[in-house]
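Have a look at the structure below before the remarks.
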Amino acid sequence: MWFAALSNYQHEPWLAFFLYRLLTNQPEVLRLIQINPFPTTPPKQIRVLLYRYNFTTPPSKDYWKRELINNEWFPTITLESQWFTSYIEQLNMTKIDKPLPRSILLDIIRLMSNLMNGTLFTWFPVVIALVFVILRRMLCTKPHKTVVVKKDNEWYQPVSMKDKDN
């Protein structure tokens, strides 16, 4: 969510929807968080602070240090916050009428995402694609070359026929 901090929260409507769904304790959103900080009840209020992270120098045991930039990047919200509920309603995000799409491929991806951590889930398709590329290079030793035929002192390149009748 670091990229949301590159602009104002009004330019990131998905963030308001995310926070709204955290406040309403929706399991689809809670699964996106590595450790659910609200296992039994939803939070009563949420606030979003803005920090600047800087890498530390090698003698430090920490990777970075953080500095508070803005006490309230997104104002503190509750389900009773009138401005927040009107903002969510204005964005037409209070009800989720559309069910999650059902397909075998999406079900497999959801199952895999629940079994793996985020880093592994992100790099898994990249590694599989790399393995396919390497295997293809190893197994396909002869490159595919186009065949050029000479007929009646002119050069022709055969074209694959899609329909035998034509």
**Complete:** Residue hits (the range 35-69; out of contact with any helix residue (DSSP H, G or I) (no Cβ under 7 Å at 6 or more places or on another chain) and in contact (Cβ under 8 Å) with a residue 24 or more places away in the chain) are K44, Q45, R47, V48, L49
**Asked** Does V29 satisfy the condition of being touching a Leu at 6+ places or on another chain (Cβ under 9 Å) and under 23 Å from M116 (Cβ atoms)?
**Response** yes
**Asked** Does L139 count as outside the structural domain of P27 (by TED's automatic domain parsing) and modelled with pLDDT under 80?
**Response** no
**Fill in**
Only one of T94, T76 is in a loop (DSSP other than H, G, I, E, B), surrounded by 11 or more Cβ atoms within 10 Å (Cβ to Cβ) and of a type in the set (S, T, Y), namely T94
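The values are calculated or read from the model by the stated rules, or taken from the named source; none is laboratory data. Treat the numbers as computed from the prediction; the structure is a model and nothing was measured. Please note: Cβ atoms are built from the backbone with ideal geometry, for glycine as well, and neighbour counts cover all protein chains shown.
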